[in-house]
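**Student:** Shown below is the structure under consideration.
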Amino acid sequence: MQRMRTIDETYHYIKQQDPDTAITKYALRQMVINHVIPSVMSGKKYLINIDALDKYLEAPEAMKEPAPQIRVIRPIADR
């Protein structure tokens, strides 16, 4: 079973693990909104998977997805 927590609960969990952490509630919220860490909406609240957050904090580069390829519409030559 996944351990899902709200942003506030997640912040308190992190502070409990490391009282001197530099991570703020705002930073967590931005990570959720920008899809940096996995989350789901439950009503008006975001729920964060604590285990996935721990993995991300241990190795942030491992969870990054490659940037999507930007496709440009190119003109077609006149016939």
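**Student:** Over segment 1-55, give the accessible area per residue in Å² for a 1.4 Å probe, as an integer. Mind dumping the intermediate values first?
**Tutor:** Working: 3830 Å² over 55 residues.
With all protein chains present, segment 1-55 gives 70 Å² per residue.
**Student:** With all pairs of different alpha carbon atoms counted, what Kirkwood hydrodynamic radius in Å does segment 1-45 show?
**Tutor:** 11.2
**Student:** Another one. When the accessible area of the chain is split by element with a 1.4 Å probe, what percent falls to carbon and sulfur?
**Tutor:** C and S atoms contribute 53 percent here.
**Student:** Summing -39500 (n - 2.57) over the DSSP H runs of n ≥ 4 in the chain and dividing by its residue number, what mean residue ellipticity at 222 nm do you reach, to the nearest 500 deg cm²/dmol? Before the final figure, lay out the partial values.
**Tutor:** Details: 4 runs with 33 residues, N = 79.
Mean residue ellipticity at 222 nm (helix-derived): -11500 deg cm²/dmol.
**Student:** Sticking with this one: Taking one equal scatterer on every alpha-carbon of the chain, how large is log10 of I(q)/I(0) by Debye at q = 0.26 1/Å?
**Tutor:** Once normalised to I(0) and log-transformed, intensities are -1.36.
**Student:** For the chain, find the longest principal axis of its Cα atoms and tell me its angle to the long axis of helix 7-17, 0 to 90°, nearest 10.
**Tutor:** Its long axis makes an angle of about 60 degrees.
The values are calculated or read from the model by the stated rules, or taken from the named source; none is laboratory data. Keep in mind that what you see is a predicted model, and the values were worked out from it rather than measured. For the accessible areas, the whole protein counts, side chains as well, though only heavy atoms, and no ligand, DNA or RNA atoms are used. Shrake-Rupley method; radii C 1.70, N 1.55, O 1.52, S 1.80 Å.
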